[in-house]
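Everything on this sheet refers to the single structure shown next.
Read-outs throughout are calculated quantities, based only on the coordinates presented, and are distinct from any laboratory measurement. Everything numeric in this text was worked out from a predicted model, so none of it was measured. Glycine gets a Cβ as well: all are built from the backbone with ideal geometry, and neighbour counts include every protein chain shown.
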Amino acid sequence: MMLKDKIAIVTGGRQGIGQGIALALAQEGCRVVVSDLDQADCQKVVTEIEKMGGEALAVKCDVSKKAEIDDLIAQTLKKFGRLDIMINNAGIFPFQAFADLNEEDWDKVLNINLKSVFLGSQAAAKVMPNGGRIVSTSSVAASLGFSGLTHYCASKGGVSAFTRALALELADRQITVNAVAPGATDTPGINQGLDEQAKKQTVAAIPLHRLATPDDIAQTVVFLASDKAAYITGQTIVVDGGWMLR
Ligand SMILES: NC(=O)c1ccc[n+]([C@@H]2O[C@H](COP(=O)([O-])OP(=O)(O)OC[C@H]3O[C@@H](n4cnc5c(N)ncnc54)[C@H](O)[C@@H]3O)[C@@H](O)[C@H]2O)c1
C-alpha cells in the first residue's frame, strides 16, 4: 500500500496505459479520479476499482480544453478534498505522412499531447500540497524518429523538455515532476495504428521479445508517484524492453 490515502487523477484513463495506471494506483491504496472523453467508459474502470475494494470517481474531460481541466480538478476536490498526484497520460498517435499534414492535424496532436500537459500540470500544481507528484506519459518517440509521426514525436519531445523545466519551478515545494517513456505497448491505441505484420516487426526489434503491457508502464508510474521516488525529479524514465538500445 505505497499510496494509501493519496488522491490521484489519471487522464486518458478509460483504456490502455491510462487504465493500467488507474488500476495499479488503486492497488496501492490510492483513490483515483478516472478521466477521459467518455463518462460511461470511465465508470467501467471505476466499477473495477470498487470491486477491488478501492474508491474512485469518473469524470469526463477533454484534456485539450482549459475549462474542462479546471472542472476536473474542481470535481476531484469536491469529492476527495485534496489532490496529491496528477497523471497526464491522455494522448493520440495518428500516423500521417509529413507531406499531407495540415495545420489542423498538427494543432490537434500538439493540443492533446502537449498543451494538455501544461494545462493539467498548472491546474494541479495550484492546488497540490507540498510533496505532490506530477507524472506525464511521454514516449520513446521523444528521443527516436518515427516516420509518419512528426507531430507526435514533436509533442512527446515537448513533454520531456517541459518536464525538466517544470521540475525546477516546483522543486521548492518538494513537488516532483517526471515522465515515463513507454516503448511499444499493447493497447487499443497501438492496435489502431499498427497491423499484425507491423506489430510482429516491432516485437522482433525489442530485445525482451514482447510488447509492454499497460501494467509494465503503470508500475513505473506508481513508483514515481510514491514516497520512494521523492529524490527523482525532471526525469523521463524509459520503459521499453530494451528497444532504444538498438
Ligand atoms: N501504446 C504505445 O505503444 C505507446 C507508446 C508510447 C507512448 N504512449 C502514450 O501513452 C499514452 C496512452 O496511450 P495508449 O496506448 O494507452 O492509447 P489509447 O488510445 O489506448 O488510450 C489513450 C486514451 O486517451 C484518451 N484521449 C484521447 N484524446 C483525449 C482528449 N482530448 N482528452 C482526454 N482523453 C483523451 C482516449 O480516449 C483513450 O482512452 C499516450 O499519451 C500515448 O502517446 C503509448
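Between the stretch 1-36 and the stretch 105-154, what is the C-alpha centre distance in whole Å?
18 Å
How do Tyr152, Tyr231 line up, fewest other C-beta atoms within 10 Å first?
Result, fewest neighbours first: Tyr231, Tyr152.
PRE reach from Ala230 (point 7 Å along Cα→Cβ): which of the stretch 1-22 fall under 15 Å by backbone N?
2-4
For the chain, what does the helix formula give at 222 nm: sum of -39500 (n - 2.57) over DSSP H segments with n ≥ 4, over the residue count, nearest 500 deg cm²/dmol?
Dividing the helical sum by the residues of the chain leaves -14000 deg cm²/dmol.
Taking the Cβ of each residue in Val117, Val222 as the centre, tally the other Cβ atoms inside 10 Å and list the residues starting with the fewest.
Values: Val117 30, Val222 23.
In increasing order of surrounding Cβ atoms, one gets Val222, Val117.
Which one, Ile49, Met128, Leu211, projects farthest toward the positive side of the charge dipole computed for the chain from Cβ point charges (K/R +1, D/E -1)?
The residue sitting farthest along the positive end of the dipole is Met128.
Sort 198-204, 139-145 by packing, meaning the average of other beta carbons within 10 Å per residue, with the highest value first.
Going by the mean number of other Cβ atoms within 10 Å, highest first, we get 139-145, 198-204.
Based only on other Cβ atoms within 10 Å, what is the fewest-to-most ordering of Phe223, Phe93, Phe98?
On the way: Phe223 18, Phe93 23, Phe98 10.
The most exposed by this proxy come first: Phe98, Phe223, Phe93.
Under unit Cβ charges (Lys, Arg +1; Asp, Glu -1), what dipole magnitude, rounded to 20 debye, does the chain have relative to its Cα centre?
Using only the charged Cβ atoms, the result is roughly 560 debye.
Could you tell me the extents of the chain's C-alpha atoms along the three principal axes, largest first, rounded to whole Å?
47, 37, 35
Would you list, by chain and number, the aspartates and glutamates whose Cα falls below 16 Å from the Cα of Lys156, excluding same-chain residues fewer than 8 positions away?
Partners within reach: Asp105, Asp107, Asp240.
Using a 10 Å cut-off on Cβ atoms, rank the peptides 206-216, 158-168 from the highest mean neighbour count down.
Ranking the peptides 206-216, 158-168 by packing returns 158-168, 206-216.
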